[in-house]
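Okay, so here's the structure we're looking at.
The values are calculated or read from the model by the stated rules, or taken from the named source; none is laboratory data. It should be emphasised that the depicted structure is a prediction, and the values quoted were computed from it without experimental measurement. Using ideal geometry, Cβ is built from the backbone for each residue, glycine included, and neighbour counts are taken over all protein chains shown.
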Amino acid sequence: MKRSFILLVLLPCFLAAASRIKDLAYVQGMRGEQVIGYGLVVGLNGTGDSQRSTFTIQSVASMLKRFGITVSQDDLRMRNVAAVMVTATIPPFTKEGGVADVTVSSLGDATGLQGGTLLVTPLSGMNGAIYASAQGPVSVGGMNVRSNGSEVRRNHTSAGRVPGGAVIERAVDVKIANDWRVTIVLRQPDFTTAMRISAAVNQKLGAAVASAMDAATVAIMVPERYRDDAKVIDFISQVEVLEIVPDVAARVVINERTGTVVVGGNVTILPVAISHAGLNIEIQQAPVISQPPPLSNGTTVQTQMSTISATVDTAAVVAINGAATVQEIAKALNSLNVSPRDVIAIFQSLKEAGALKAELVIL
C-alpha cells in the first residue's frame, strides 16, 4: 500500500506579509545566563536512587551534618531521595527577586521523580557566580508504576520541572549600546534582508545611521537626540517595530518520517523529463475450514491460506517544460502519484541533474 505525502508550498516573498524587525532579529547584548546546580529531590515513593548511587548517600550525610545530625553512610538505607542536576536560563533584564522555571534531571538510577520536592539548590553560571537558588515541588508530566515485574509508564518520569522555582539572586549584566551604537543580529543571516533592514531604519530616521556589516549584523548609530540612557530604549522600540519583507532563499525541505515536503516560493525547475516506476507486493490471507468425514469422530480444523501477488507499475515519462512557480511544481509531482520516498529520490535526482534551482534539505 502506498503512503500519501503532504506537499506544502510557500508563496513568493513579494506576496508575503511584511514582518517586524523584532520578529526577524534581536539586539546584540540581550542574552540570558545559563545556570546549573546539584541538588536533592526528597519525598519519593520508593523510586529514588539505590545504594549503588554512592554520591546520593554522601550528599544526604553531608546535608544532615549541616543540621547537627551525624550519621554513618553505611547506615543509610533509603529509596525516597534522588540526586539531580538542576538547570535554568536566567532571562535578560531580570532583576533580583524575579523568578524563572527550572528543569530537574535525575543523576543516579532513580526510576521516577513524581511527587518529589527539590531542596534549596544554588545555581551558578560559567563564571562561578551564583545567580539564583531553586526549590519547590517537581512537576512530572507522566507516571511510572511497577508491581511484581510488570511496569506501566507514560512519558518520561526521571526528569521534571519546577515552575517558578528559581528565585533570582543576581541580575544578568546586559549592555545593548556600546559607544552609542546598537547592533541588530538576524536570526537567519541573509545579505538582502540585512540591506532591507538598513534601508528601513535610514528611511525612518531620515539619515544614514544604519549600515549592514555582514549577512547577520546591522550596525545603527544612535542619533544625538537619543543619546541618553532613558531615550535609548525609546530609540530601540522605534527600530524594532519597523516592518520589512524578508528575502527567502530557494529551499526544498523534506521530512521522510512524516512524509512532508515544503517547497519555497523562489524554487524553480528547469526543463526536464522524469520517469517513475514502482513494485507493488500484496499479501492476502483467507480462512480454510477442513471438515472430517461423516461418522469418523474427527474434529473441524481451521487454517489460513496465504496468496502473494507482485505487480510492476508501467513506467511513465513526464516532461516538465520548466516550472517557474510552486503551483506548477506541485502539479507536476502530483501527476506522478508518488510516495514520500520516491519524492525524495526525484528531488535528489533533479538536484544532481542541475534542474532543481534550490537548496535541498532532508530531515
Original post:
What tally of residues in the stretch 29-64 results from selecting those that are small (Gly, Ala, Ser) and under 30 Å from residue 93 (Cβ atoms)?
Top reply: 4
Original post:
So, in the stretch 155-168, of the ones that are surrounded by fewer than 16 Cβ atoms within 10 Å (Cβ to Cβ) and in contact with an Asp or Glu (Cβ under 7 Å, 6 or more places away or on another chain), which residue ends up farthest from residue 47 (Cα to Cα)?
Top reply: 164
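Which residue out of 125, 115 is in the same structural domain as residue 156 (by TED's automatic domain parsing), of a type outside the set (Ser, Thr, Tyr), surrounded by fewer than 20 Cβ atoms within 10 Å (Cβ to Cβ) and in contact with a Phe, Trp or Tyr (Cβ under 8 Å, 6 or more places away or on another chain)? Even if it seems obvious, please write down each step before you answer.
Details: 115 fails: in contact with a Phe, Trp or Tyr (Cβ under 8 Å, 6 or more places away or on another chain).
When all the criteria are applied, what remains is 125.
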Original post:
In the stretch 40-99, what count of residues is obtained for those that are of a type in the set (A, V, I, L, M) and in contact (Cβ under 8 Å) with a residue 24 or more places away in the chain?
Top reply: 15
Original post:
Considering only the stretch 213-259, how many residues are farther than 30 Å from residue 347 by Cβ and of a type in the set (Val, Ile, Thr)?
Top reply: 10
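Take the stretch 214-234 and flag every residue that is surrounded by 14 or more Cβ atoms within 10 Å (Cβ to Cβ) and either more than 10 Å from residue 182 (Cα to Cα) or polar (S, T, N, Q) (or both). Working first, answer last.
Let us first name the residues in the stretch 214-234 that are surrounded by 14 or more Cβ atoms within 10 Å (Cβ to Cβ), namely 215-223, 226, 232.
215, 216, 217, 223, 226 - these are the residues of the stretch 214-234 that are surrounded by 14 or more Cβ atoms within 10 Å (Cβ to Cβ) and either more than 10 Å from residue 182 (Cα to Cα) or polar (S, T, N, Q) (or both).
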**OP:** Scan (1) in contact with a Gly (Cβ under 7 Å, 6 or more places away or on another chain); (2) at pLDDT below 90 for the single condition residue 165 breaks and write down its number.
**Re:** (2)
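Can you confirm whether the stretch 200-218 contains a residue that is part of a helix (DSSP H, G or I), of a type in the set (A, V, I, L, M) and in contact (Cβ under 8 Å) with a residue 24 or more places away in the chain? Break it down stepwise before answering.
Let us first name the residues in the stretch 200-218 that are part of a helix (DSSP H, G or I), namely 200-205.
In the following step, the residues that additionally are of a type in the set (A, V, I, L, M) were identified as 200-201, 205.
So of that shortlist, the ones also in contact (Cβ under 8 Å) with a residue 24 or more places away in the chain come out as 200-201.
Looking through the stretch 200-218, at least one residue is part of a helix (DSSP H, G or I), of a type in the set (A, V, I, L, M) and in contact (Cβ under 8 Å) with a residue 24 or more places away in the chain.
With 63, 78, 85 as the choices, which residue is farther than 26 Å from residue 166 by Cβ, surrounded by 14 or more Cβ atoms within 10 Å (Cβ to Cβ) and in the same structural domain as residue 114 (by TED's automatic domain parsing)?
Answer to the check: 78.
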Original post:
What single numbered condition from (1) of a type in the set (Gly, Ala, Ser); (2) in a loop (DSSP other than H, G, I, E, B); (3) over 18 Å from residue 27 (Cβ atoms) fails to hold for residue 171?
Top reply: (3)
